[in-house]
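Comments concern the structure below.
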Amino acid sequence: MRIYPLSKKALQPLSLALIISVSNYGSSAQAADAPVIVLSPAQQHVLDLSVAQDYQAAGTKGLELLEIEKADPGLRLVIANSLAWSGRMRKAELQYKVLSNSKVRKDARTGLANLYRWKGRDDEALPIYQTVLAEDPQHAGANEGLMYAKRELNPRTFVSAGAAQDSGDAKRRELSISQRWRDDTGRHIFEVSSSGTRDELPVTTAKQGEVGFAYQNLNLPLEPRLALEAQAKPKGDLFGSLKLKIDEGRLLIDIGRTNWGKSAFNARALEDGLNAAHIGLDANLHFDSGQFTEHIDIFRVSDSNVILTSRSNFIPSWRPFGHRIKPFVGIETRDVRFYSNKYWSPEDGFGTAYVGLQGEWANENWSLYGSGQVGTRLYGEAGSNWSLGMGGKLWLDKNLAVGVNLWSMASRRDNARYRAKSFSVNLEKLWD
């Protein structure tokens with residue numbers, strides 16, 4: 001998970017709205033005496049909403065304002081920032097570009113670079129930050145953005161160790177290491193990896209080892225990412241996937257052949273070397289009312305079973321607990337062709353509705369996230385349920401970080417109460 005900090009440096013452009021001069025909104029005689037801030041009621045309302053961190057409303061009202069009134073570049077920048085911080089990237093990008101040669105061009109260009117970075121295009125953000133810094137080497141926002149872009153573009157080694165167990169006496173121990181790097185353009189991404197997994201049940205133990213290679217080309221339409229994994233244990237096998245990004249990431253498609261034994265978190269499935277053909281779809285849509293995401297997976301398992309899972313989630317624009325804490329609601333389902341004792345396959349299906357809260361906090365030295373939800377039965381074997389997750393990352397210096405992730409849940413499976421929990425710790429090393 002990439003968490004994007006909204007620091008005091010990032011908030012700096014907000015003050016530029018206060019440079020709106022009387023030359024735009026009042027008489028020249030007044031301007032000759034002293035600069036005064038003169039805002040129409042609609043303009044003041046937009047500014048007040050942004051200061052209150054109600055960015056959804058500030059962006060919406062700001063766009064309405066721009067349809068009927070001329071806005072000073074400072075106020076237009078506030079509107080652009082509000083659109084960006086409420087997820088309306090295309091509309092924000094248009095406003096930043098309008099301002100690219102205005103008196104607030106440095107902050108507008110920095111905002112545009114931030115947009116590219118948030119969309120995973122640090123390669124496009126980097127030269128924009130450098131252009132701003134060539135004009136103003138002390139620009140706080142551009143210096144901060146440049147640091148994050150370089151952090152993402154640098155080669156990195158990632159080591160992760162984790163453990164999980166559930167109330168069905170299943171246990172897992174896992175260790176992985178990967179190396180990721182880019183070419184000089186930053187648009188060709190390469191990754192090699194190796195992992196080992198040990199699954200245990202009271203009468204079964206299975207070990208699995210994999211090596212993998214992945215490549216993504218950001219120059220091509222759909223930014224395709226191809227991943228291959230070769231399994232050595234318990235028997236030789238080959239898996240792969242192709243991921244495509246449509247409409248700037250609003251829709252993602254994942255097609256491939258996956259290691260179902262590993263996905264199943266069951267030693268019997270791993271021991272049998274089960275695999276599955278897989279199609280996954282992700283949608284991420286922003287509206288004035290909030291953000292809607294949909295995730296659908298279809299697996300055709302090598303034992304002829306078919307698994308269909310879905311998760312629909314809605315985060316409203318309403319922020320009763322502040323900008324960083326977001327309420328959400330959703331529905332999660334799982335349906336199968338038939339029951340198997342080698343992995344979770346609810347014969348009557350599983351459907352639950354849930355509500356919860358999630359939060360993210362970060363700066364250049366650390367990041368922290370947390371999420372909690374409670375749910376109830378919609379159909380099938382589902383019952384009341386809850387889950388909690390949290391994690392964070394701490395940068396020990398500019399090139400070394402340590403992270404921790406914790407997760408716990410309770411639900412119903414196979415007509416009985418079910419519990420599961422997991423823990424992982426990781427080390428991230430960047431190379432200049």
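The values are calculated or read from the model by the stated rules, or taken from the named source; none is laboratory data. In this text the structure is predicted, and so the values were computed from the model without any measurement. Positions of Cβ are backbone-derived with ideal geometry, glycine not excepted, and every protein chain shown enters the neighbour counts. Ligands, DNA and RNA are stripped out before the accessible areas are found, and what is left, the full protein with its side chains, is counted by its heavy atoms. Shrake-Rupley method; radii C 1.70, N 1.55, O 1.52, S 1.80 Å.
Here are the numbers for the structure shown:
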quantity	calculated
Hits in the range 303-328 (condition: of a type in the set (Gly, Ala, Ser) and surrounded by fewer than 16 Cβ atoms within 10 Å (Cβ to Cβ))	304, 322
Tally, over the range 360-375, of residues that are among the small types (Gly, Ala, Ser) and either surrounded by 17 or more Cβ atoms within 10 Å (Cβ to Cβ) or in contact (Cβ under 8 Å) with a residue 40 or more places away in the chain (or both)	4
Those residues of the range 210-237 which are over 17 Å from residue 257 (Cα atoms), open to solvent by less than 70 Å² (accessible area, probe 1.4 Å) and free of Cβ contacts under 8 Å to residues at least 60 places away in the same chain, in sequence order	216, 217, 223, 234
Tally, over the range 265-295, of residues that are aliphatic (A, V, I, L, M) and out of contact with any helix residue (DSSP H, G or I) (no Cβ under 7 Å at 6 or more places or on another chain)	6
Residue count for the range 144-185, restricted to those that are of a type outside the set (A, V, I, L, M, F, W, C), closer than 22 Å to residue 120 by Cα and in a strand (DSSP E or B)	6
Residues (in a strand (DSSP E or B) and among the aliphatic types (A, V, I, L, M)) located in the range 187-226	189, 192, 201, 206, 211, 214, 226
Residue among 378, 357 that is of a type in the set (A, V, I, L, M, F, W, C), open to solvent by 30 Å² or more (accessible area, probe 1.4 Å) and in contact with a Pro (Cβ under 8 Å, 6 or more places away or on another chain)	357
When residues of the range 281-302 are limited to those that are open to solvent by 50 Å² or more (accessible area, probe 1.4 Å) and of a type in the set (S, T, N, Q), the one farthest from the chain's Cα centre (by Cα)	302
Every residue from the range 238-253 that is crowded, with 18+ Cβ neighbours inside 10 Å and farther than 18 Å from residue 298 by Cβ	245
Residue 256, sole failed condition from (1) open to solvent by less than 30 Å² (accessible area, probe 1.4 Å); (2) within 25 Å of residue 200 (Cβ to Cβ)	(2)
Test: residue in the range 10-29 that is open to solvent by less than 20 Å² (accessible area, probe 1.4 Å), modelled with pLDDT of 85 or more and either of a type in the set (Lys, Arg) or within 30 Å of residue 247 (Cα to Cα) (or both)	no
Number of positions in the range 121-166 that are surrounded by fewer than 16 Cβ atoms within 10 Å (Cβ to Cβ), in contact with a Ser or Thr (Cβ under 8 Å, 6 or more places away or on another chain) and either under 28 Å from residue 103 (Cβ atoms) or not β-branched (Val, Ile, Thr) (or both)	2
Index of the failed condition, residue 204 passing every other in (1) open to solvent by 60 Å² or more (accessible area, probe 1.4 Å); (2) β-branched (Val, Ile, Thr); (3) touching an Asp or Glu at 6+ places or on another chain (Cβ under 8 Å); (4) at pLDDT below 95	(1)
Selection from the range 389-422 of residues that are touching a residue at least 24 places away in the same chain (Cβ under 8 Å), loosely packed, with under 15 Cβ neighbours inside 10 Å and closer than 15 Å to residue 164 by Cα	419
